[in-house]
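Worksheet: one structure, shown below.
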Amino acid sequence: TQNAMWGGRFAAGPDAIMEAINASIGFDRRLFAQDIEGSRAHAAMLAATGIISDKDAEAIREGLLTVLSEIETGKFAFSTALEDIHMNVEARLKELIGEPAGRLHTARSRNDQVATDFRLWVRERCDEAVGQLSALCMALVGQAEAGAEWVMPGFTHLQTAQPVTWGHHMLAYVEMFARDIGRFRDARARMNECPLGAAALAGTSFPIDRHMTADALGFDRPMANSLDAVSDRDFALEFLAAASITAMHLSRFAEELVIWSSAQFRFVALSDRFSTGSSIMPQKKNPDAAELIRAKIGRIFGANVALMTVMKGLPLAYSKDMQEDKEQVFDAADNLTLALAAMEGMVRDMTANRDNLECAAASGFSTATDLADWLVRALGLPFREAHHVTGSLVGLAEKKGCDLPDLGLADMQAAHPDITDEVYSVLGVHNSVASRQSYGGTAPDQVRARIAEWKERLG
Ligand code: ARG
């Protein structure tokens, strides 16, 4: 049978394969609420501008509310023959209210309709991501506050570098996730222009009021170019780009949690609620949530690349290729939501092992830089020479199988005769972190100052 929406010029209906490749209802049904909201705004505008009668607009409004409740209560029969959510809704509206339903699509195309629906959907997910990221930041600030002065090893190349504080490490992620919040906010602000009224691509000869529909749908203004309005998917790409960077941050942290929760590190214990067991090894408590978060970046980054690739060769204006935008964004958004929720839960529940952190911080000659700095400050050595002297002491300690503070003064003075026992005061890890008072440094005072600022900013 012919398509009721566009079958006028067709003598035969589509092949089954044509129908299968063409249909998007399997996934774009998720846009039903946005589609109906957009249609309601459009119908109200058509009545306000005298393009359709108030009576017809009222019938459309009532009918759309019925369709909405049918979908929400699972009573709606979606049809693949009707391709997508837009035509499914309109066809049902026709069944419900008859002739006025056919007036809804005046001065509108599915091209501006889908662009509007999808923007509304992505806009909402930007807001959701901002909310979830804020909650995660609060959880991290909570961890930072609990252990603002706890000492742990700081790493470069995953080799012991210098002692840092637990609070400082937690706040490093707060900085990252807060930048992610900024990216979602920027993307939202830029995408908040309304494509509706661009019609197929050229605008319309009907006296529509695009400012009215833009306003009704919470957009800042209508998009200024009808060709751009129906061909642009930057908004979806910006969402995916922000999601990709967020996922990358989540993945780095997840990787640390996997390492930290291992028997070899024992920096943190993840809660039972966010761990799983093994079916064969009774002792196991696995950080599966962290591992899955680490893996999610593959799909989110993949969605970004996929949509970039869909868009990169498209001439203006709409091409059906663009129907492939939605599944990628839906999947990325769903997995981002899940990953953020899991990370927040893990962070809230996890317990850092203060003693193990501190013990690890003191190993691996982590205060060698402090020793070199002391040689510069107390003896006036050039840093390069101080570095060399300290290196020889590290070599000696390594040979003796002890740590730097365990070397006797005679050993120290063999490396440089002017060394006094004052040197031992800088070799402790607490001393080391407390001395990093430069702005943004790891000293507990600095960390506490940043915690106070974050609490204020995150409200
Ligand atoms: N289902 C389509 C999509 O998601 C709606 C727009 C169809 N427009 C068209 N001219 N065929 O992109």
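The values are calculated or read from the model by the stated rules, or taken from the named source; none is laboratory data. In this text the structure is predicted, and so the values were computed from the model without any measurement. When we count neighbours, we look across all protein chains shown, and the Cβ atoms used for this are built from the backbone with ideal geometry, even at glycine.
Observations, loosely collected:
- Qualifying positions in the range 125-135 - in contact (Cβ under 8 Å) with a residue 12 or more places away in the chain and farther than 18 Å from Phe253 by Cβ: Arg125, Cys126, Asp127, Glu128, Val130
Residues are listed down the side, and each one gets a yes or a no for (1) within 11 Å of Asp35 (Cα to Cα); (2) within 14 Å of the ligand (Cβ to nearest atom); (3) of a type in the set (Asp, Glu):
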site	(1), (2), (3)
Leu82	no, yes, no
Met87	yes, yes, no
Thr106	no, no, no
Arg123	no, no, no
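- Any hit, the range 158-167, residues being away from the ligand (no atom under 16 Å from the Cβ), under 18 Å from the mean Cα position of the chain (by Cα) and part of a helix (DSSP H, G or I): no
- Test for Met170: is it part of a helix (DSSP H, G or I) and within 16 Å of the ligand (Cβ to nearest atom): no
- Selection status of Gly380, out of contact with any helix residue (DSSP H, G or I) (no Cβ under 8 Å at 6 or more places or on another chain) and modelled with pLDDT under 95: no
- Arg108 passes every criterion in (1) within 23 Å of Ser319 (Cα to Cα); (2) in a helix (DSSP H, G or I) apart from (2).
- Single residue of Met176, Met138 found to be under 16 Å from Glu256 (Cα atoms), away from the ligand (no atom under 16 Å from the Cβ) and either free of Cβ contacts under 8 Å to residues at least 24 places away in the same chain or out of contact with any Lys or Arg (no Cβ under 7 Å at 6 or more places or on another chain) (or both): Met176
- Positions within the range 304-332 being part of a helix (DSSP H, G or I) and away from the ligand (no atom under 16 Å from the Cβ), in sequence order: Asn304, Val305, Met308, Thr309, Ala332
- The range 331-344 - residue that is surrounded by fewer than 18 Cβ atoms within 10 Å (Cβ to Cβ) and in contact (Cβ under 8 Å) with a residue 40 or more places away in the chain and, of those, farthest from Asp288 (Cα to Cα): Thr337
- Every residue from the range 41-81 that is assigned to a helix (DSSP H, G or I), of a type in the set (Ser, Thr, Tyr) and without any contact (Cβ under 8 Å) to a residue 40 or more places away in the chain: Thr66, Ser69
- Test: residue in the range 425-434 that is over 43 Å from the mean Cα position of the chain (by Cα), more than 24 Å from Gln159 (Cβ to Cβ) and exposed (fewer than 15 other Cβ atoms within 10 Å of the Cβ): yes
- Selection status of Leu340, within 30 Å of Asp411 (Cβ to Cβ) and part of a helix (DSSP H, G or I): no
- Selection count where residues are in a loop (DSSP other than H, G, I, E, B), free of Cβ contacts under 8 Å to residues at least 40 places away in the same chain and of a type in the set (A, V, I, L, M, F, W, C), scope the range 199-218: 1
- Of all residues making up the range 13-40, the number that are small (Gly, Ala, Ser), over 15 Å from Phe118 (Cβ atoms) and assigned to a helix (DSSP H, G or I): 3
- Scanning the range 374-388 for residues that are surrounded by fewer than 18 Cβ atoms within 10 Å (Cβ to Cβ) and either small (Gly, Ala, Ser) or touching a residue at least 24 places away in the same chain (Cβ under 8 Å) (or both) turns up Ala378, Leu379, Gly380.
- The range 109-148, subset aliphatic (A, V, I, L, M), more than 30 Å from Arg233 (Cβ to Cβ) and surrounded by fewer than 19 Cβ atoms within 10 Å (Cβ to Cβ), residue nearest to the chain's Cα centre (by Cα): Met138
- Flag for Lys75 being exposed (fewer than 14 other Cβ atoms within 10 Å of the Cβ), modelled with pLDDT of 95 or more, more than 30 Å from Ala20 (Cβ to Cβ) and touching a helix residue (DSSP H, G or I) at 6+ places or on another chain (Cβ under 9 Å): no
- Residue within the range 149-157 that is part of a loop (DSSP other than H, G, I, E, B), in contact with a Phe, Trp or Tyr (Cβ under 8 Å, 6 or more places away or on another chain) and crowded, with 21+ Cβ neighbours inside 10 Å present: yes
- Just so you know, in the range 89-104 the residues that are among the small types (Gly, Ala, Ser) and in a helix (DSSP H, G or I) include one that is nearest to the ligand (Cβ to nearest atom), and it is Ala91.
- Some residue of the range 221-244 being farther than 22 Å from Met322 by Cβ, touching a residue at least 60 places away in the same chain (Cβ under 8 Å), part of a helix (DSSP H, G or I) and not hydroxyl-bearing (Ser, Thr, Tyr): no
- Set Ala243, Ala290, Ala247, Ala254: member being in contact with a helix residue (DSSP H, G or I) (Cβ under 9 Å, 6 or more places away or on another chain), over 22 Å from Leu158 (Cα atoms) and buried (at least 19 other Cβ atoms within 10 Å of the Cβ): Ala243
- Scan of the range 276-287 for residues that are surrounded by fewer than 19 Cβ atoms within 10 Å (Cβ to Cβ) and part of a loop (DSSP other than H, G, I, E, B), ordered by number: Gly277, Ser278, Ser279, Ile280, Met281, Pro282, Gln283, Lys284, Lys285
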